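Single-structure report; data block below.
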Amino acid sequence: MEEKNEIQQLQQEIERLHEEVDRLTKMNVSLAAGSESLMKRNIELYKRLDSYYNVRMRVNWLKDLIRRHREMIVNADLRDDDELLAVIEARIEGEDIPLPPEFGVKEVAELVGITQSRVTELYKKKTIYRSLDKYLDFLRLMRALRLLRDHPTYSIEAIALDAGFGTVRTLNRKIQEAVGVTPGEFRVMNEVK
């Protein structure tokens with residue numbers, strides 16, 4: 001009899017456990033469906049955010065394009081070459097723009113919003129330099145001489161790079177052509193005693 005009671009209790013416990021397993025299985029299925037729904041929602045939100053970001057990037061690019069176009073229109077309307085040259089020189093010298101070796105006609109044209117041919121023509125006809133490259137080399141030379149004078153601890157290589165010559169050899173050649181001495185000799189001549 002005692003065994004029968006025990007078996008009956010075990011069967012009831014097994015039945016209760018089966019019900020509990022069924023309940024937990026249904027709950028798990030419900031949670032899985034909810035989880036899948038949340039994942040789909042998160043993926044959709046990510047796509048929207050990505051799309052929004054791409055739109056913002058395009059809008060900013062277009063704003064910049066419009067700004068450059070407006071500047072180009074304004075500068076294209078400048079009939080006075082001297083005024084346009086003043087704008088170019090103010091942008092380059094006034095903002096102390098770095099002048100790496102590859103900085104040239106294209107970059108200046110983009111900087112002030114005019115065509116490359118107009119930049120070339122302006123420097124050919126209206127300046128003592130006769131070309132933009134010569135003007136930029138002059139600015140690089142002035143920067144290098146200033147750095148040699150004001151920063152005696154800077155290496156010649158650092159000055160060549162900072163001034164925009166790219167190599168020490170080019171710096172040496174340009175300074176010797178301009179003042180007849182090497183950068184080291186120029187530095188010694190300008191030491192404060």
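The values are calculated or read from the model by the stated rules, or taken from the named source; none is laboratory data. On a predicted model such as this, the values are computed, not experimentally measured, just so you know. Positions of Cβ are generated from backbone atoms using ideal geometry, with glycine treated the same way; all protein chains shown enter the neighbour counts. Side chains are part of the model used for accessible areas, which takes the heavy atoms of the whole protein and leaves out ligands, DNA and RNA. Shrake-Rupley method; radii C 1.70, N 1.55, O 1.52, S 1.80 Å.
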| Exactly one of (1) surrounded by 13 or more Cβ atoms within 10 Å (Cβ to Cβ); (2) within 26 Å of A90 (Cα to Cα) is unmet by I128. Its number? | (1)
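Would you pick out the residues in segment 123-174 that are part of a loop (DSSP other than H, G, I, E, B) and free of Cβ contacts under 8 Å to residues at least 60 places away in the same chain? Explain how you work it out, then say what you get.
Within segment 123-174, the first condition is being part of a loop (DSSP other than H, G, I, E, B), and the residues that meet it are 127-131, 151-155, 164-167.
Residues satisfying the conditions are T127, I128, Y129, R130, S131, H151, P152, T153, Y154, S155, T167.
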| request: For residues that are touching a Lys or Arg at 6+ places or on another chain (Cβ under 8 Å) and surrounded by fewer than 16 Cβ atoms within 10 Å (Cβ to Cβ), scanning just segment 149-180, find the one that is farthest from K134 (Cα to Cα). | output: P152
| Those residues of segment 135-148 which are among the charged types (D, E, K, R), crowded, with 16+ Cβ neighbours inside 10 Å and out of contact with any helix residue (DSSP H, G or I) (no Cβ under 6 Å at 6 or more places or on another chain), in sequence order | D137
| field | Subset of segment 88-109 (residues that are surrounded by 14 or more Cβ atoms within 10 Å (Cβ to Cβ) and either farther than 18 Å from F138 by Cβ or touching a strand residue (DSSP E or B) at 6+ places or on another chain (Cβ under 9 Å) (or both)) | value | A109
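Would you check which residues across segment 31-56 are open to solvent by less than 80 Å² (accessible area, probe 1.4 Å) and of a type in the set (S, T, Y) and list them? I'd like the intermediate steps shown before the answer.
Step one: of segment 31-56, the residues open to solvent by less than 80 Å² (accessible area, probe 1.4 Å) are 32-35, 37, 45, 50-51, 54-55.
If the condition is that a residue be open to solvent by less than 80 Å² (accessible area, probe 1.4 Å) and of a type in the set (S, T, Y), then S35, S37, S51 are the ones that fit.
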